[in-house]
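First comes the structure, then the notes that go with it.
The values are calculated or read from the model by the stated rules, or taken from the named source; none is laboratory data. Here the structure is a predicted model, which means the values were calculated and not measured. Here the Cβ positions follow ideal geometry from the backbone for every residue, glycine too, while neighbour counts run over all protein chains shown.
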Amino acid sequence: MDAILHYGRLCAPMFLLVALGWALSAVWRGARRLHEGLSRFVFTVALPALLFSLMSDLSRLPPVDPRVLLAFFGGCLLVFVVGRVIAWQMFALDGVSQSLFALAGIFSNNVLLGIPLAQSTLGPASMPTVALVLVFNSLTLWTLVTVSVEWARHGSPSIAGFKTTVVSVLRNPIIVAILSGTAVGLSGWPLPELVSAPLHWAAQTAGPLALVTLGMGLAAHGIRAHWRPALTMTGVKLVVQPLAVWTLARLLGLGAMETRAVTLLASIATGANVYLMSRQFQSQEGPVAGALVLSTALAAITTPLWLALTA
């Protein structure tokens with residue numbers, strides 16, 4: 001019960017920001033243009049700033065068992081494939097829509113929920129594992145879905161098709177931020193204060209603005225019309241992904257703390273940034289918005305259960 005109440009306290013500000021976005025769309029005629037502008041700003045400025053900041057700290061991470069990455073991202077890859085198959089077989093979605101459907105089943109809200117939940121339930125000993133997953137989460141999952149979407153759009157079994165896909169991926173601001181941030185992180189060079197301070201300020205706006213944008217999306221699309229795919233995405237995210245990650249962690253022989261940490265992170269609700277990706281690629285906006293709300297609400301029950309099962 002304490003874990004559920006703590007989760008509720010963490011989620012309350014998030015739901016308030018979603019409600020703010022919904023209310024703006026409901027009462028203001030100009031909200032549609034604001035929705036477009038906010039989505040573009042977060043995807044091209046705030047979110048890349050956040051991802052660059054995360055990746056530029058790569059060299060300062062404490063040493064962690066590398067099997068953590070195999071367990072977490074191996075599970076993500078397996079579930080991504082499962083998600084695409086479900087989207088294809090159950091909902092007859094195309095390749096782009098399948099990719100966004102699958103992303104909603106693997107991308108956790110680990111910045112706003114994963115870090116504080118791990119600190120409060122697992123303690124400081126879990127933080128190196130959490131930090132490692134958080135950094136590589138951006139590099140691995142954003143790149144995976146971007147390549148998947150661009151291949152569905154432009155890919156073909158030819159050199160020209162492959163080249164078109166690569167160029168499209170490298171033009172994506174998310175990928176540019178990840179690659180450039182990784183280069184800075186691996187170099188070990190600290191960013192000067194003149195650069196790091198405004199970068200940090202821009203990065204801090206990503207989470208709140210993404211939630212306001214999500215609320216606007218819910219006002220435009222609603223949940224009722226998309227409840228079946230939204231509920232399916234939620235089931236994949238809250239049940240299938242933590243099960244896959246926990247199973248791989250056990251097979252790889254991870255320690256008890258690392259196993260609990262990666263399972264906790266996998267059990268967290270879908271992250272609001274998935275909605276921004278769906279907006280960017282103009283696919284599955286309604287279902288993804290619904291899945292974000294449903295998974296955040298239901299994770300108040302499922303995440304404590306996963307913690308209890310892995311204790």
What residue, of VAL82, VAL68, VAL96, VAL111, is among the β-branched types (Val, Ile, Thr) and closer than 23 Å to GLY255 by Cβ? VAL68
Can you find even one residue in the range 170-178 that is at pLDDT 80 or above, closer than 22 Å to ASN110 by Cα and either over 18 Å from the mean Cα position of the chain (by Cα) or assigned to a loop (DSSP other than H, G, I, E, B) (or both)? no
One residue is enough: does the range 61-80 have a residue meeting the conditions under 24 Å from HIS200 (Cα atoms), at pLDDT below 85 and of a type in the set (A, V, I, L, M, F, W, C)? yes
Out of all the residues in the range 11-29, which are more than 11 Å from LEU211 (Cα to Cα) and either in contact with a Ser or Thr (Cβ under 9 Å, 6 or more places away or on another chain) or not in a helix (DSSP H, G or I) (or both)? CYS11, TRP28, ARG29
The range 242-282: number of residues that are under 16 Å from the mean Cα position of the chain (by Cα) and under 19 Å from LEU47 (Cα atoms): 13
Looking at the range 31-48, which of its residues are surrounded by fewer than 19 Cβ atoms within 10 Å (Cβ to Cβ) and either among the aromatic types (Phe, Trp, Tyr) or over 20 Å from GLN280 (Cα atoms) (or both)? PHE41
Can you work out which of the residues in the range 64-75 that are touching a Ser or Thr at 6+ places or on another chain (Cβ under 7 Å) and part of a helix (DSSP H, G or I) is farthest from VAL130 (Cα to Cα)? PHE73
Whether any residue in the range 226-240 is of a type in the set (D, E, K, R) and under 16 Å from VAL79 (Cα atoms) is what I want to check. yes
Go through the range 76-132 and report how many residues are over 26 Å from LEU16 (Cα atoms), part of a helix (DSSP H, G or I) and not β-branched (Val, Ile, Thr). 23
Residue set LEU51, LEU69; condition of a type in the set (A, V, I, L, M), surrounded by fewer than 19 Cβ atoms within 10 Å (Cβ to Cβ) and within 19 Å of the chain's Cα centre (by Cα); output residue LEU69
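Conditions tested, residue by residue: (1) surrounded by 20 or more Cβ atoms within 10 Å (Cβ to Cβ); (2) more than 28 Å from THR44 (Cβ to Cβ); (3) free of Cβ contacts under 8 Å to residues at least 12 places away in the same chain.
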position	(1), (2), (3)
GLY105	yes, no, no
SER120	no, yes, no
SER126	yes, yes, no
ALA131	no, no, no
SER138	yes, no, no
LEU144	no, no, no
VAL149	yes, no, no
Across the range 85-96, what is the number of residues that are within 18 Å of GLY155 (Cβ to Cβ) and in contact with a Pro (Cβ under 9 Å, 6 or more places away or on another chain)? 2
Which numbered condition trips up ALA92, out of (1) at pLDDT below 85; (2) at positive phi? (1)
Could you go through the range 194-207 and let me know if any residue there is among the hydroxyl-bearing types (Ser, Thr, Tyr), at pLDDT below 95, over 25 Å from GLY74 (Cβ atoms) and in a helix (DSSP H, G or I). yes
What number of residues in the range 107-117 are buried (at least 24 other Cβ atoms within 10 Å of the Cβ) and of a type in the set (A, V, I, L, M)? 1
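Results for (1) under 16 Å from the mean Cα position of the chain (by Cα); (2) surrounded by 15 or more Cβ atoms within 10 Å (Cβ to Cβ), shown as yes or no for each residue.
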site: ARG60; (1), (2): no, no
site: CYS76; (1), (2): yes, yes
site: TRP88; (1), (2): no, yes
site: PHE101; (1), (2): yes, yes
